[in-house]
1. How many residues does segment 82-124 hold that are among the polar types (S, T, N, Q) and either open to solvent by 20 Å² or more (accessible area, probe 1.4 Å) or under 21 Å from Val54 (Cα atoms) (or both)?
2. If I ask for residues that are assigned to a helix (DSSP H, G or I) and not acidic (Asp, Glu), which ones from segment 354-367 would you list?
3. Quick test for you: out of Ala41, Ala60, pick the one residue that is among the small types (Gly, Ala, Ser), at pLDDT 90 or above and over 30 Å from Asp136 (Cα atoms).
4. Can you name the number of the only condition in (1) assigned to a strand (DSSP E or B); (2) open to solvent by less than 30 Å² (accessible area, probe 1.4 Å) that Arg224 fails?
5. Mind checking which residues of segment 368-391 are open to solvent by less than 60 Å² (accessible area, probe 1.4 Å), part of a helix (DSSP H, G or I) and either touching a Pro at 6+ places or on another chain (Cβ under 8 Å) or closer than 28 Å to Ala301 by Cβ (or both)?
6. Out of all the residues in segment 198-221, which are assigned to a loop (DSSP other than H, G, I, E, B) and either touching a Cys at 6+ places or on another chain (Cβ under 6 Å) or farther than 20 Å from Gly411 by Cα (or both)?
7. For segment 322-346, what are the residues that are assigned to a loop (DSSP other than H, G, I, E, B) and surrounded by fewer than 24 Cβ atoms within 10 Å (Cβ to Cβ)?
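The values are calculated or read from the model by the stated rules, or taken from the named source; none is laboratory data. Since this is a predicted model, take the numbers as computed values, not measurements. As a convention, Cβ positions derive from the backbone with ideal geometry for all residues, glycine included, and neighbour counts pool all protein chains shown. Surface accessibility is based on the protein's heavy atoms, side chains included, excluding ligands, DNA and RNA. Shrake-Rupley method; radii C 1.70, N 1.55, O 1.52, S 1.80 Å.
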Amino acid sequence: MRTRWLTVLFAGMLLAAGSGCSGDGDGSEDGRITLRFQSLAWQEESVDVNKELVREWNAAHPDVKVEYVQGSWDSVHDQLLTSFEGGEAPDIIHDASDDLADFAYGGYLADLRGLLSERLTADIPRRSWETTTFGDGVYGVPFLQEPRVLIANAKWLKESGVRIPTPEKPWSWAEFRRITDELSGGDGKYGVAWPLKEPVSATLNLSLSTGGQLFHRGADGKVRIRFDESDAVVPRTIHDQVNTDGSASGSTLGSGGSDTLPGFFGGKYAMVPLGFSYRQQIVQQAPKGFGWQVLPAPAGADGLTQGVSPQTLSVAKDSPHKKEAAAFIDFLLRPPNMVRLALGDWMLPTGAEALRDPALRTAENGWATGTALAGRLRSAPAQTVRGYAEWKDKVATPALQEYYSGAFGLGELRRRLVEDGNLVLARYQR
């Protein structure tokens with residue numbers, strides 16, 4: 001597997017040195033090249049860092065100007081699809097790996113083999129490259145990633161006397177359920193609040209810790225859904241916390257992560273499972289004197305493994321200056337710059353050298369806990385499954401929402417995910 005993957009990634013690398021511009025577009029009369037870089041950075045710190053790096057590139061490369069274009073996570077898929085079909089796509093594209101499959105298979109993104117430097121390909125581990133590998137091509141550079149963690153009320157946990165988990169000795173899922181029950185004090189106070197407005201990615205990614213795969217590719221190359229006991233651990237835990245133990249608030253199931261923060265600050269929830277980057281909002285919004293800490297998510301048969309969909313940088317296939325676009329990506333993702341981008345987004349870099357930076361290993365604001373989890377992050381389970389988006393929207397999201405609210409039991413959840421789900425996937429694999 002490793003040999004085959006390295007062959008895929010490095011095939012054609014020698015062509016990079018001799019490749020040049022593939023066209024004359026996006027150039028001025030004086031021969032200068034202009035590249036458009038569409039960034040999805042939205043937090044002030046992150047936007048500032050991205051713009052600073054663009055200015056630094058432009059100052060050092062007078063013949064290749066990069067123009068910063070602000071995009072939005074809310075509309076990026078449809079906006080990119082429109083720009084691809086209209087021949088107006090930006091040269092350098094910021095996105096997430098779970099959004100790339102349609103664009104990669106649709107022929108809109110450049111295969112980056114032969115364009116990326118050996119330094120960059122070696123610095124980012126294989127498990128991260130797998131998130132942007134579709135078929136035999138590599139269609140994005142994964143550069144920032146975000147584990148799910150538990151954000152906890154430090155005072156509440158200390159006063160309760162429960163064992164505090166660490167990356168070396170995390171809670172099991174069974175222990176997590178028991179402890180949230182212990183922490184629930186009645187009177188509207190809960191051990192945990194699950195913000196599951198988007199339940200599918202949270203459920204699937206956390207289920208990797210218990211060995212859950214859900215999607216299985218057969219010898220014929222086709223993917224089928226199977227819901228085994230390992231897939232049931234996480235959804236059953238959440239369901240039982242809400243409907244059996246009363247240790248999780250049912251009112252937050254339809255909420256986004258930010259929606260739970262006022263209740264968390266107000267002492268209503270002892271813990272909230274959130275993406276690592278939510279720490280920035282907590283630092284900005286927490287009342288003065290409010291003590292909080294970052295804990296690892298619970299572990300299962302496969303330890304602290306969990307799925308992620310990293311942020312990515314891709315090159316449009318129609319860009320006439322792929323070599324220059326790839327050089328800009330290489331500049332953005334030099335280890336010191338990758339650290340700056342990670343700090344700006346409050347996320348983890350994928351690069352091994354950047355992860356070793358002391359700024360990302362401090363105990364302050366839970367950075368050390370996050371970096372300790374980096375080696376356990378894997379490609380999200382459905383990353384390359386054709387038809388996943390329809391399955392998620394039409395089958396999995398409503399099924400999980402109803403199951404978590406107590407509308408039906410595990411058997412009906414299994415039936416919907418598997419039987420209804422395989423009918424959806426079959427249409428994409430004829």
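1. 2
2. Ala354, Leu355, Pro358, Ala359, Leu360, Asn365, Gly366, Trp367
3. Ala60
4. Among (1) assigned to a strand (DSSP E or B); (2) open to solvent by less than 30 Å² (accessible area, probe 1.4 Å), Arg224 violates only (2).
5. Of everything in segment 368-391, those that are open to solvent by less than 60 Å² (accessible area, probe 1.4 Å), part of a helix (DSSP H, G or I) and either touching a Pro at 6+ places or on another chain (Cβ under 8 Å) or closer than 28 Å to Ala301 by Cβ (or both) turn out to be Ala368, Thr369, Gly370, Thr371, Ala372, Leu373, Ala374, Gly375, Tyr388, Trp391.
6. Within segment 198-221, Glu198, Gly218, Ala219, Asp220, Gly221 meet the criteria.
7. Arg334
Results for (1) open to solvent by less than 70 Å² (accessible area, probe 1.4 Å); (2) assigned to a loop (DSSP other than H, G, I, E, B), shown as yes or no for each residue.
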{"residue": "Asp393", "(1), (2)": "no, no"}
{"residue": "Leu400", "(1), (2)": "yes, no"}
{"residue": "Gly411", "(1), (2)": "yes, no"}
{"residue": "Arg430", "(1), (2)": "no, yes"}
